[in-house]
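See below for the structure under consideration.
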Amino acid sequence: MKKSFVKLCAFLSVFFISVSFAAGGSVPRKVQKGQEAWRSFKKAQNAFESNDYSKAIEYAEESRQIRMQDAAWQTYILENTLKKSKVRRAGDELDRVIPELKELGFNDALEIINTHLEKVGAAYFNNSYAKVFDYIHIYANYTEADYLLGKIYRLEGEFGVALNYMKKAYDCAINLDVPMEKYDLLYDLASLSYDLGNYDDFEKYSLAIVVDNEYYSDEAFMRSLKRIIDMDSQEAVDKFFLLYRCKNDLALKALIDLSEIYKACGESDKTLKCTSLASIIAVSKLENILAQRLNDYEFFGIGDLLTKCQRYPDIVVWGNENNIWKLFCNFAEAVAYNGKIFFARNLLRILSEDEPEEYWRKYASELMVNGLIVDGNIRIEE
């Protein structure tokens, strides 16, 4: 217990030296009801949606200042609890500290702790009081406001400033009230990095999306996909699209974007990995859409699915806008570049007949006729 308390005090000694609100010894003020940071941020959002960027920046910065004030007050409240010997003797373990706080009537401190426990989960704090102080240092950053400022400065052409705000937001993504917004942030970071020509960061942020897909990170699953492709036959094409499904489409765009970069760089293994999983996700999504529109829908193969998609102009448009039809052709090419010619040729034959978009039907047909060059040799052609 003594060791834990020493650790806590060492942490606090460093932390409190660094916080800016302590200048002059002033006591931090509690944010008053009606003046909360989220209220200013809401005004910033409204201004942003009205294209009033100057007001949006003003209110976003105001929300950031209020959040910092709130974090300063919270830290002050928790620091005061350590003046009580009972709290100090409880050590660093929250399940020992909290009962003492209740007994001593530290209601503000208890509310602060419980609020953060509810938001990010008890596991994050690992039963450590010091970790609560550490988190408040992160909480001081208003992640949504930083993200909004990044979007504004990007629209204003200040790409470097935008990138800095978005990186700061990502570093504190655990703060997000809506955790899934992290992926919107990652997509924007990847896109902005690409626009700035920083392809390493583009890959890093795209992979941060992709690795959260349960199948991409499942080596056994990805090996099983590859084994089917390695069968290199018409039956393998049918089996590939019949056996596997992935309804989590969050990473679909990132997989497609990464596959384009890997293809351009000649990284055939990575291209195949991305296009194979992306194709499974795309088929799963298309199948789900068709099942909602067609009574007693059943999957009879990739060709039949694509033919049915042709009936719906909105599906065709969606596939064009999201590079889905292109993806299937890229998948066939990636398979060919990995030496599985029969699989690639049979998939291209299906695509040349059934792709919903005429351009990609012709593209697949031309590959069938002209082939593509792999290791100096023409492949795919009859």
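Given their separation in residues at 0.36 nm each and the Cα-Cα distance between them, residue 84 and residue 29 gain 17.6 nm when the chain is fully extended.
Computed from the C-beta positions of residue 230 and residue 102, the FRET efficiency with R₀ = 45 Å rounds to 0.10.
Length available on full extension from residue 46 to residue 269: 0.36 nm per residue minus the Cα-Cα distance, which gives 75.7 nm.
Report the paramagnetic label zone for residue 218: residues of segment 226-260 whose backbone N is under 17 Å from a point 7 Å from Cα along the Cα-to-Cβ axis. Inside the label zone: 226-229, 240-252. List the pairs from 247/273; 204/273; 43/285; 204/308; 43/182 whose alpha-carbon separation is above 28 Å, in the order I gave them. Flagged as over cut-off: 43/285; 204/308.
Between residue 321 and residue 39, the modelled labels are 3.8 nm apart [label points 7 Å from Cα along Cα→Cβ]. Residue by residue, segment 277-283 carries 3J(HN,Hα) couplings of 5, 4, 5, 5, 5, 5, 4 Hz when phi is fed to the Karplus relation 6.51 cos²θ - 1.76 cosθ + 1.60 (θ = phi - 60°); x denotes Gly or Pro. Each residue of segment 197-202 is assigned a 3J(HN,Hα), and the resulting list reads x, 9, 6, 5, 5, 4 Hz, derived from the Karplus form 6.51 cos²θ - 1.76 cosθ + 1.60 (θ = phi - 60°), x at Gly and Pro.
Spin-label pair residue 369-residue 118: with each label point 7 Å from Cα along the Cα-Cβ axis, the two points sit 6.7 nm from one another.
Here the accessible area of the chain is 50 percent carbon and sulfur, with a 1.4 angstrom probe and all protein chains present. Remark on residue 128: its backbone amide H falls under 5 Å from those of 94, a criterion applied only to residues 5 or more positions apart or on other chains, H modelled at 1.01 Å from N. Modelled spin-label separation between residue 296 and residue 156, with each label point placed 7 Å from Cα along the Cα-to-Cβ direction: 6.1 nm. Couplings 3J(HN,Hα) for segment 315-327, derived from phi with the Karplus relation 6.51 cos²θ - 1.76 cosθ + 1.60 (θ = phi - 60°), are 5, 4, 5, 4, x, 5, 5, 10, 6, 6, 5, 5, 3 Hz, where x marks Gly and Pro. Taking amide H atoms as placed 1.01 Å from N in the peptide plane, the amide H of residue 323 has no partner under 5 Å among residues 5 or more positions away or on other chains. Accessible surface calculations at 1.4 Å, restricted to protein heavy atoms, place the chain at 50 Å² per residue. For P(r) over Cα pairs in 10 Å bins from 0, in percent, the value calculated from this model appears in (1) 5, 21, 22, 17, 13, 9, 7, 4, 2, 1, 0, 0; (2) 4, 21, 30, 25, 15, 5, 0; (3) 5, 19, 22, 18, 16, 12, 7, 2, 0 under label (3).
The values are calculated or read from the model by the stated rules, or taken from the named source; none is laboratory data. What you see is a predicted model; the values in this text were computed from it and never measured. Here Cβ is always computed from backbone atoms with ideal geometry, including for glycine, and neighbour counts include all displayed protein chains. Accessible surface areas use protein heavy atoms only, side chains included; no ligands, DNA or RNA. Shrake-Rupley method; radii C 1.70, N 1.55, O 1.52, S 1.80 Å.
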